[in-house]
Amino acid sequence: MSYRAPVADIAFTLKHGPGLAPALRQHGGLDADDIDAVLAEAGRYATEVLAPLNAPGDRHGTPFKDGRITMPPGWKEAYRGWVAGGWNAVAAPTEWGGQGLPHALNAACIEMWNEGSMAFGIGPVLTMGAAEALAAYGSDDLKRTYLPKLVSGEWMGTMQLTEPQAGSDVGALRTKAERAADGTYRITGQKIFITYGEHELTDNIIHFVLARLPDAPAGNKGISLFLVPKFMVNRDGALGARNDVRAHSIEHKLGIHASPTCTMVYGDNGGAIGYLVGEENRGLACMFTMMNLARLAVGLQGVAIAERATQQALDYARERKQGRALGATLGASGSSPIIEHPDVKRMLMTMRGLTRAARCICYATAGAIDRSHGDGEAAKAANDRAALLTPIAKAFSTDIGVEVASLGVQVHGGMGFIEETGAAQHYRDARIAAIYEGTNGIQALDLVTRKVSLNGGAVVRLYLDELRRSVKAVQATNDPAFGATGARLSEAVDSLDRATTWLLSKLDKEPQAALAGATPYLRLFGNTAGGCMLADEALTAMRLADGEPAARIAIARFFAENVAVQASGLERAVTEGADSVNSADAALTG
Ligand SMILES: Cc1cc2nc3c(=O)[nH]c(=O)nc-3n(C[C@H](O)[C@H](O)[C@H](O)COP(=O)(O)OP(=O)(O)OC[C@H]3O[C@@H](n4cnc5c(N)ncnc54)[C@H](O)[C@@H]3O)c2cc1C
């Protein structure tokens, strides 16, 4: 019952969906064989090296003593091997030592690292984001000193926004930055919940810290971004004195036990030396560069945990025998493998369908990010598409990560609740992804208030047209194996269209009503887009007679008839449920 990287599935979605197919044309030198080679090797590392560390890492955690953290046995070696393989640098710019490969290909790799171990996978995600922000906004000097080592992964990066009073409301942060005579800054204050804030995987840790200058405007417009190294770096590149930043303690958490989550203290001795990244008071814009990629990567964590939980549940359901399924093939004991019971089949198909749909959405988002690099109308349209899909990639995928991991526990029955099987760890680990990098509630607000209204609604309308083309294509097949796929998806797109029109009409005049329906709208969007993408995949597999067409048709059909079909209820929750939310105070007092 061990994890196997789903390399063939990933390759199919990547190569034939909107993830890599257009990027392949852009990256002239890259062909399908190169992609297969990268995916196979990433899959091998995730399966053979990372996955075996997952359960021991969960049990060991990251003990903290005298300011130091002990990582679980084998983690340092696994990280070093991973860096030596060049995996941190897959999508980084070539001028800083990166491989310049498409983000969509990196997304597939990120999925596999997180299937191996979510606690491992989250560290590199932050380092990659830090490198991206530095490449975009850092001075030449900062880039020369820090970028090559962040790109290679020789040093890890952190992302530091959260303070006790400033979580979702980043603008409430109080960490101070004061200008020093030499052009650097002195940082004082406290950050909480900092992932990989301290550890022993790398010789240096480069913190990216949001802080406020004394004369900064209040709120989001008064935040600046600083690079704060754990160890100062001398002119010759050697490590110098320890900077005035330390981990004060670590959190004891529900999951991802092997990812150290630290409280960081700045300024015990007058202030940590920080270097400004970008302009003063423009830090949030720089941080958003990190955060959009980090949000997609956290969405991929949802896909990853769902994939791993599904594999495990399928293995268990084939072996575990209970009861006698109607018309069953019986084992020696006279009972059937539980996979033959319709209710268990339903759970497994729900797991498989949600996982595949979320993968399609995440890879499509990564592909849009790739295509957005450059000038011209096409790049601008891709940028809009990435902006629209990012909150869905993050929130839909991590919500289904929790649901699928929960179903994984259910398929195991009582054994799912017992730690020994590992199903419980997936469920515990999955939970954080819906919270960090902007809670899923905040993603839904972002979708409704900023993304749906992009270009006056033209961006979302264009996407709806695309979904309708998928529906038409599946309706045109007339293949009975698709059942009611075309009809159910058509209804789902209609529901999404009406809910979108309703939201656009409310945003200015009754924003409170629009906000009340944000989360069901995001789910409606994810279910509908995911359903259409699964249908696209099934049609492609049929056309190519490759990629297990029968299985893909079965998944697309199940999803349309059992998941996308919930669209009308979600539409009603958006368009008719707001009043019951906003007038509910009586039920929430006392
Ligand atoms: C394990 C772990 C690792 C983390 N790693 C990092 C890290 O590396 N760097 C970092 O900076 N932070 C990190 N965080 C912090 C994380 O990003 C925050 O916990 C998260 O953004 C939510 O903030 P909060 O906990 O203050 O919750 P709150 O902001 O208090 O939110 C509580 C609830 O209220 C809702 N809510 C809040 N405001 C609104 C609103 N305006 N409208 C609607 N609903 C709202 C939220 O959706 C949520 O459901 C980490 C947290 C954890 C637990």
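So the values come out like this:
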item	result
Failed item in (1) in contact (Cβ under 8 Å) with a residue 60 or more places away in the chain; (2) over 19 Å from the mean Cα position of the chain (by Cα), with ALA378 passing the rest	(1)
Single residue of ALA317, ALA258, ALA272 found to be assigned by TED's automatic domain parsing to the domain that holds ARG212 and over 26 Å from the mean Cα position of the chain (by Cα)	ALA272
Near pairs, Cβ below 6 angstrom, 6+ apart or cross-chain, from region 427-452 (in the same structural domain as VAL574 (by TED's automatic domain parsing) and touching a residue at least 12 places away in the same chain (Cβ under 8 Å)) to any residue that is within 11 Å of the ligand (Cβ to nearest atom) and among the polar types (S, T, N, Q)	ALA434/ASN440; ILE442/SER168; ALA444/THR519
Residue count for region 150-162, restricted to those that are surrounded by 22 or more Cβ atoms within 10 Å (Cβ to Cβ), out of contact with any His (no Cβ under 6 Å at 6 or more places or on another chain) and not small (Gly, Ala, Ser)	6
Among (1) over 24 Å from ILE250 (Cβ atoms); (2) within 13 Å of the ligand (Cβ to nearest atom), the one test that GLY167 misses	(1)
Residue selected from region 43-78 under the condition of a type in the set (D, E, K, R) and within 22 Å of the chain's Cα centre (by Cα), by the criterion nearest to ALA309 (Cα to Cα)	ASP58
Qualifying residue in region 57-69 (condition: modelled with pLDDT under 95 and buried (at least 16 other Cβ atoms within 10 Å of the Cβ))	no
Residue check for ARG468: over 25 Å from LEU126 (Cβ atoms), charged (D, E, K, R) and assigned to a helix (DSSP H, G or I)	yes
Options ALA51, ALA104, ALA91; residue that is touching an Asp or Glu at 6+ places or on another chain (Cβ under 8 Å) and buried (at least 23 other Cβ atoms within 10 Å of the Cβ)	ALA104
Within region 219-233, considering residues that are buried (at least 18 other Cβ atoms within 10 Å of the Cβ) and within 13 Å of the ligand (Cβ to nearest atom), the one nearest to GLN301 (Cα to Cα)	LEU225
Any hit, region 272-284, residues being within 22 Å of TRP155 (Cβ to Cβ) and within 12 Å of the ligand (Cβ to nearest atom)	no
Test: residue in region 381-391 that is among the small types (Gly, Ala, Ser), over 24 Å from CYS109 (Cβ atoms) and within 23 Å of the chain's Cα centre (by Cα)	yes
Of residues in region 421-467 being within 12 Å of the ligand (Cβ to nearest atom) and among the β-branched types (Val, Ile, Thr), the one nearest to LEU534 (Cα to Cα)	VAL448
Residue under evaluation GLY416, criteria (1) buried (at least 22 other Cβ atoms within 10 Å of the Cβ); (2) in contact (Cβ under 8 Å) with a residue 24 or more places away in the chain; (3) more than 16 Å from the ligand (Cβ to nearest atom), criterion not met	(2)
Meets criteria (within 30 Å of LEU50 (Cα to Cα) and crowded, with 21+ Cβ neighbours inside 10 Å) for ALA272	no
Every residue from region 115-136 that is more than 16 Å from the ligand (Cβ to nearest atom) and surrounded by 22 or more Cβ atoms within 10 Å (Cβ to Cβ)	GLU115, GLY116, LEU134
Candidate set from region 171-216 (those that are within 16 Å of the ligand (Cβ to nearest atom) and among the charged types (D, E, K, R)); member that is surrounded by the most Cβ atoms within 10 Å (Cβ to Cβ)	LYS191
Residue within region 52-69 that is in contact with a Leu (Cβ under 8 Å, 6 or more places away or on another chain) and assigned to a loop (DSSP other than H, G, I, E, B) present	no
Residue among SER505, SER580, SER490, SER568 that is in contact (Cβ under 8 Å) with a residue 40 or more places away in the chain and away from the ligand (no atom under 16 Å from the Cβ)	SER568
Subset of region 234-253 [among the small types (Gly, Ala, Ser) and loosely packed, with under 13 Cβ neighbours inside 10 Å]	GLY237, ALA238, GLY240, ALA241
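The values are calculated or read from the model by the stated rules, or taken from the named source; none is laboratory data. Remember, it's a predicted structure, so these values are computed and weren't measured experimentally. Ideal geometry is used to build each Cβ from the backbone, glycine not excepted, and the neighbour counts take in all protein chains shown.
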